[in-house]
Amino acid sequence: MLIDISRPIHAGMAIYPNNPGVSIRNIQKATDGASALSEITIGSHTGTHIDALSHIDPMGSGVDTYSLDQLVGACDVIEIAHDVSVIHEVDLSQTTTPRVLIKTRNSSMNPDEFDADFVALAEDAAQELMRRGVRLVGIDALSIKKKGVKDRVHEIFLRAGVCILEGLYLADAPAGCHELFCLPLPLVGIDGVPARAILRI
């Protein structure tokens, strides 16, 4: 069974503050003599997306440096209790794969409204996942780092070459070991890019 864990992209969707919104403009309508054509404008961290090192380091690599082997394969979905707002090491259940997706109360919120109190990781949780040898970490928030908190969560992962997958929608994803297919747009040298993420359960 396949489950789409991506957030649909459309005008008016939730966007992280100060990021560009989504604009979809019809350039040409389909007629007997012409095909339809639209112009799509989105930010590089819109909806379900991956981060690259260049997101935090101007000399860092772009999203195209992640291999398909890193983005596709066995993954663990772990569920965090709804009363947790900041995920610490003690909140992380056992994992067995190099890809971990974190399901929180974020997935029960309205995907078209930005919640400034979204659930995210603390540094000690990021360090614990590094000790487990992760290569990809995903979360159902538009950022893996708590808003308004100065910490090194992005740095811990990105400087180690770990792919961050943000903006997931995991409401229908059961906890357990599944197969992840994360396919970002093949844009070269960019700091982040939207992705289609699917689970086979």
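If you take the residues in the stretch 146-162 that are among the β-branched types (Val, Ile, Thr) and out of contact with any Leu (no Cβ under 6 Å at 6 or more places or on another chain), which one is surrounded by the fewest Cβ atoms within 10 Å (Cβ to Cβ)? If we take residues in the stretch 146-162 being among the β-branched types (Val, Ile, Thr) and out of contact with any Leu (no Cβ under 6 Å at 6 or more places or on another chain), then Val149 is surrounded by the fewest Cβ atoms within 10 Å (Cβ to Cβ).
Tell me, please, whether a residue that is surrounded by 10 or more Cβ atoms within 10 Å (Cβ to Cβ), among the aliphatic types (A, V, I, L, M) and under 27 Å from Thr97 (Cβ atoms) can be found in the stretch 4-11. Checked against the condition, which is being surrounded by 10 or more Cβ atoms within 10 Å (Cβ to Cβ), among the aliphatic types (A, V, I, L, M) and under 27 Å from Thr97 (Cβ atoms), the stretch 4-11 yields at least one hit. Scanning for something farther than 27 Å from Ile9 by Cβ and either small (Gly, Ala, Ser) or touching a Pro at 6+ places or on another chain (Cβ under 9 Å) (or both), does the stretch 88-109 turn up at least one residue? Looking through the stretch 88-109, at least one residue is farther than 27 Å from Ile9 by Cβ and either small (Gly, Ala, Ser) or touching a Pro at 6+ places or on another chain (Cβ under 9 Å) (or both). Applying the condition of being assigned to a strand (DSSP E or B) and of a type in the set (Gly, Ala, Ser) to the stretch 26-84 and asking which residue is modelled with the lowest pLDDT yields Ala34.
Hey, can you tell me all the residues within the stretch 113-140 that are closer than 15 Å to Ile80 by Cα and either among the small types (Gly, Ala, Ser) or in a strand (DSSP E or B) (or both)? Residues satisfying the conditions are Ala120, Leu121, Ala122, Ala125, Ala126, Val137, Gly138, Ile139. Selection over the stretch 107-118 of residues that are surrounded by 18 or more Cβ atoms within 10 Å (Cβ to Cβ) and free of Cβ contacts under 8 Å to residues at least 60 places away in the same chain gives a count of 2.
Examine the stretch 119-136 for a residue that is closer than 28 Å to Gly21 by Cβ and either among the basic types (Lys, Arg) or surrounded by fewer than 21 Cβ atoms within 10 Å (Cβ to Cβ) (or both), and state whether such a residue exists. No, the conditions are met nowhere in the stretch 119-136. Residue pairs whose Cβ atoms lie under 8 Å apart, separated by 6 or more positions or on different chains, with the first residue in the stretch 174-187 and without any contact (Cβ under 8 Å) to a residue 24 or more places away in the chain and the second surrounded by 15 or more Cβ atoms within 10 Å (Cβ to Cβ) and of a type outside the set (Val, Ile, Thr), are Leu185/Pro194; Leu185/Ala195. Which of the residues spanning the stretch 163-181 are charged (D, E, K, R) and surrounded by fewer than 20 Cβ atoms within 10 Å (Cβ to Cβ)? Residues satisfying the conditions are Asp172, Glu179. Just one of the numbered conditions (1) touching a strand residue (DSSP E or B) at 6+ places or on another chain (Cβ under 7 Å); (2) part of a loop (DSSP other than H, G, I, E, B); (3) crowded, with 20+ Cβ neighbours inside 10 Å; (4) not charged (D, E, K, R) is not true of Ser143: (3).
Take Leu68 and tell me if it is farther than 18 Å from Ile156 by Cα and hydrophobic (A, V, I, L, M, F, W, C). Please lay out each step first, then the result.
Numbers: farther than 18 Å from Ile156 by Cα: yes; hydrophobic (A, V, I, L, M, F, W, C): yes.
For Leu68, the condition - farther than 18 Å from Ile156 by Cα and hydrophobic (A, V, I, L, M, F, W, C) - is met.
The values are calculated or read from the model by the stated rules, or taken from the named source; none is laboratory data. Computed from a predicted model, the values in this text were never measured in an experiment. FYI the Cβ positions are ideal-geometry reconstructions off the backbone, even for glycines, and counts take in every protein chain you see.
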